[in-house]
Every structure is written in C-alpha cells, then in structure tokens.
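A quick write-up on the structure given underneath.
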Amino acid sequence: MKIIQITDTHLLPPGGRLHGLDPADQLRRAIDHICQTEADADLLVITGDLCNDGDPEAYALLREILAPVPFPVRMLLGNHDARPAFREAFPDHPIDAAGYVQSTLDSPHGRLLFLDSHEPGLIGGRYGADRLGWLRTSLERAGPQPVTVFIHHPPVPDGLAHFASIGLHDAAPLMQVLAAHPGGVRHIVFGHIHVPLAGTSREGIAFSSGQAMSHRFITAPADPAPWWAGGNPCYRLIQIDTLGFRAYGVEVGQQPIARAAVCAGP
C-alpha cells in the first residue's frame, strides 16, 4: 500500500501569508507534484493543522486545492484547526459516532487508524476517555491484524524544548491501549513538531513525523524558541507491504545535477 503523508499545511484564506510564505502555494506545488508522479498512490493522509486559524475560507481553499487528487484523502485535526468549520467544509469525511474526526481503514497489510487529538482551546492535544473507548473497539475489531496509527500530536516524548508543554497531554493511556494490541503497532505517524523525527517508544513502538508543508523549524532540540525557516514543499511516501513499513521524504523543486550510475553490486 502506498500512502502519501502531508502535514502542517497551515492554510489561511486566499492571499494570506505566514512568516513570509504563502501556505496555499506550498500545498498547490506539492499536490501538482503528487498528481504528476504518484497518481498510483492508494491514499493521501494530511496529519493535522490543516488551516492556521480554523477559518471557513481556508477550509474552502483546502477543498479546492485537494480537488485534483485522484485517490482517497483522510485528514486529521491539529491544534490550529476548528472541528465545526472542518466538518462543514468536508461533510462527507469520516467521523466517529461522537463527531470526532477519526476513522479506520483496513488494508491487506493491517488496519489504519486515524485519531483525533484536537481539543479546543489547547495548543497541545488531548485524547479523552470517550475517544479511548472508540480506539479500544477499533483495535478489538482489528483482531490479529497489526495497526498503523496516524495522529497530529505525537503521543511519545519528542525531546524538543519548544514542545515540552504543548504535546499530547494525556499520552500515557493512549500508548497503554496501543501497546496492549495483540496484533502489534506497525508505526505511529504524526505531525505538529514541524521537523522530521524518527524513534522508538519505551514500549518498543516505532514512530516518525513528516516535515511541515508550510513553515518549519530549524532543528534545534534544546532551544525553546527555535527559528522558523522556509523551504521547498515536502511530503512523505509511505509503503506498507509484506516487507513492513518504510517512509521516504520527498522535496518538491529539487534541481537534478547528475544521474547516478546503476550499481550492480555486490
């Protein structure tokens, strides 16, 4: 299964700019590239902070930019989003019985879980008891299948000083439920931190984040006030198959300088 991950698009109403960047232009360039080079993908997942201020005009712009995508799209909510405005703009997007923007998708290589960690009024995230109940049921229905988890806020320590107080505030119960799944957790995929990160939790669960589509941080784990930076649009190609889980970073707009020779080995 080929999945495209985009994260932290931070759209504003048309014409808006953040830190000197046009988030809509960043996303359009990425979507054009994806449609040209990855049209055989099975799914696009956008892991939260879809819009910067939860503005209805920004969600309308997001709907317009995503219209050419030729395969299904699942979106998650981040702290910058607004659940009512999102649901109004995307009325057909899957939600759970309580109205949270979370769902499941079964594949030949296990169940995909899309979790809603958005909590109004918090910069960090929350995954309360009602959402945990949905997760337990979804894991039970997965049976012996492994699961791959998509969420905006990292449910694991990220080691970044800037995010020390704005992570997932109740991560421990979520990780306990995931770690108890008999089929295992193949990977946890998230956004929020605006830099690429990969690691393994204390429970032995692998995790990683994508690079932000819009503005991103210059990586400085110990700095509580790191610098924002621009750059080319970025997304990830995720492959889930009989070999396991792999994620490849893609940067739109790179300039080729020479073609590598074929390496026959050994």
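The values are calculated or read from the model by the stated rules, or taken from the named source; none is laboratory data. Because the structure is a prediction, the values reported are computed rather than measured. Please note: Cβ atoms are built from the backbone with ideal geometry, for glycine as well, and neighbour counts cover all protein chains shown. Just so you know, the surface numbers come from the protein's heavy atoms only, side chains and all, with ligands and any DNA or RNA stripped out. Shrake-Rupley method; radii C 1.70, N 1.55, O 1.52, S 1.80 Å.
Of the listed requirements (1) surrounded by fewer than 23 Cβ atoms within 10 Å (Cβ to Cβ); (2) under 17 Å from Val252 (Cα atoms); (3) aliphatic (A, V, I, L, M), Ile34 misses just one: (1).
Given the residues Ala82, Ala67, Ala41, which is the only one that is in contact (Cβ under 8 Å) with a residue 24 or more places away in the chain and either open to solvent by 20 Å² or more (accessible area, probe 1.4 Å) or on the phi > 0 side of the Ramachandran plot (or both)? Talk me through it step by step, then tell me what you get.
Working: Ala67 fails: in contact (Cβ under 8 Å) with a residue 24 or more places away in the chain; Ala41 fails: either open to solvent by 20 Å² or more (accessible area, probe 1.4 Å) or on the phi > 0 side of the Ramachandran plot (or both).
Being in contact (Cβ under 8 Å) with a residue 24 or more places away in the chain and either open to solvent by 20 Å² or more (accessible area, probe 1.4 Å) or on the phi > 0 side of the Ramachandran plot (or both) holds for just one of Ala82, Ala67, Ala41, which is Ala82.
Pairs linking a residue in the stretch 213-231 that is touching a residue at least 60 places away in the same chain (Cβ under 8 Å) to a residue that is among the charged types (D, E, K, R), with Cβ atoms under 7 Å and 6 or more positions apart or on different chains, are Met213/Asp8; Ser214/Asp8.
Take the residues in the stretch 243-257 that are aliphatic (A, V, I, L, M) and open to solvent by 90 Å² or more (accessible area, probe 1.4 Å), then tell me which one is nearest to the chain's Cα centre (by Cα). My answer is Leu243.
Report whether or not Ala171 is within 20 Å of Leu50 (Cβ to Cβ), surrounded by 19 or more Cβ atoms within 10 Å (Cβ to Cβ) and small (Gly, Ala, Ser). Taking the combined requirement at face value, the residue does not satisfy it.
Residues that are part of a helix (DSSP H, G or I) and either of a type in the set (S, T, N, Q) or within 15 Å of the chain's Cα centre (by Cα) (or both) do not occur anywhere in the stretch 73-93. Tell me yes or no: at least one residue of the stretch 129-139 is assigned to a loop (DSSP other than H, G, I, E, B) and either touching a Leu at 6+ places or on another chain (Cβ under 8 Å) or open to solvent by less than 50 Å² (accessible area, probe 1.4 Å) (or both). So far as the stretch 129-139 goes, no, none of its residues is assigned to a loop (DSSP other than H, G, I, E, B) and either touching a Leu at 6+ places or on another chain (Cβ under 8 Å) or open to solvent by less than 50 Å² (accessible area, probe 1.4 Å) (or both). His152 falls short of the stated requirement of being under 23 Å from Arg29 (Cβ atoms), assigned to a loop (DSSP other than H, G, I, E, B), open to solvent by 30 Å² or more (accessible area, probe 1.4 Å) and touching a strand residue (DSSP E or B) at 6+ places or on another chain (Cβ under 7 Å).
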